[in-house]
1. Give all pairs with beta carbons closer than 6 Å in which a residue from region 128-152 that is within 24 Å of L251 (Cβ to Cβ) meets a residue that is among the polar types (S, T, N, Q) and crowded, with 17+ Cβ neighbours inside 10 Å; count only pairs at least 6 apart in sequence or on separate chains.
2. Only one of these conditions is not met by G253: (1) surrounded by fewer than 15 Cβ atoms within 10 Å (Cβ to Cβ); (2) at pLDDT below 90. Which number is it?
3. On the given criteria, is A406 buried (at least 16 other Cβ atoms within 10 Å of the Cβ) and at pLDDT below 85?
4. Go through region 54-89 and count every residue that is of a type in the set (S, T, Y) and surrounded by 17 or more Cβ atoms within 10 Å (Cβ to Cβ).
5. Within region 149-182, take every residue that is under 16 Å from P386 (Cβ atoms) and small (G, A, S) and give me the one that is modelled with the lowest pLDDT.
6. So which of T53, T62, T28 ends up being within 30 Å of the chain's Cα centre (by Cα) and among the hydroxyl-bearing types (S, T, Y)?
Amino acid sequence: MQQAKKNPTADRVSSGFEQAAGGALRVTLLSAPGRSALAVVGLTGAGCVELATSCFAPHGGTPLTARPVGAICVGRWIPSGEELIIVRTSAASLELHCHGGTAAAEAVLVSLESGGAVRQPWPQWFTDSGVATIETEARTALARAGGPRAARILSRQVAGALQRELDRLTALVTAKKLSTAMREEVLAALDRLALAARIGLRLVSPWRVVVVGEVNAGKSSLVNALVGYARSLVALEPGTTRDVLHASLVLAGWEIELADTAGLREESAEVLSVTTALTSRPLGGGPVRDVEREGIGRGMAAAAAADLVVRVVDCREAPRANHAYANELLVLSKIDLAGPTTAQNWPESAVQTSALAGTGIDALAAGMISRLMPEDLADPLLLLGPVPFTQRQVEIIAQLRRLAVADGPQPTANGHFS
């Protein structure tokens, strides 16, 4: 039989549990808070197997104390009567898998606390078990990952990708003397980490995308086409979207918070001033009602704080000078109603869409992702390795860079060392 490959991360965690065996009994909820299909409770410390045995009636009669490390035992949790599974992860640690409802996990935790175990937040539980700080941070972030891409990136950091790279670079920087070539290699690696960190710092929070445009430009219809259901109110009356409406979705594996804003009026250059937007002066489509003025003001505030602004323009309108946001994607709507030469009036970079026909929706999604994360588009390998994801890690990288520069000659105008 072929021998299974060893998992260094798992070995390190188990080793930490073994070292903690002489300490107090500790218990924590290892799975993410809230309801789920399954909840996992961790128990570690001297006497953990005996404590669990006192509350557990295994099926088949073999007691938990007689089961080897790695054994999976099914039975009934006596205090609550719930069926659950206990896994011996090491000689001094257990995992208890129960129903994912909050009450079931809480009943297990309370039972173990009553038996003398100390309940801990699970990041502290990992730290006290000898798990490295970066791995603990990655496990904490993984429970809040924004989409499957973020989860995969964080899983690689749990497995040690960032820790290994920082250890390697720290050893080089703290060496007695770096050659010029090695120093440039170290600085390039640190710069690459810093580049990945811009995305890494957003792995647990959605990217904020705000859709703006004039009334009846088709903003809400495009939002509904992206999200896949009627989240925004769509009507022919100008000013229908009176507030900033939010919808959460996943595009290309990334979590996006999409905001649909109140439509602006014809004189958009003036309306894009908050002061003008909140006056009662009539704009081209009729008088601006109080509720509409409020909606415009809120929409502009949301756009100012967005990671990306999607500006929607009816393709049949004549191009004119418009305010450009720092990170803006121009989208032409209602392309199904356009004449044969209409699109020629607009920049080639504009995304052509029709919410009614479903045209260009995939291109719009791809354009949004490329604007949000140009680093990933420029280097598809950037996020497949070490990725810093906390401010503490970013500061470590900056400190290593300062040390690497201070230890050697200063860079020349072209960025190289002489």
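The values are calculated or read from the model by the stated rules, or taken from the named source; none is laboratory data. Note that the structure is predicted; figures quoted are calculated from it, not measured. Glycine also receives a Cβ, built like all others from the backbone with ideal geometry; neighbour counts cover every protein chain displayed.
1. Hits for this filter: A138/Q157.
2. Result: G253 passes all but (2).
3. Criteria not met by A406.
4. Here the count works out to 2.
5. A171
6. Just a single option satisfies the conditions, and that option is T28.
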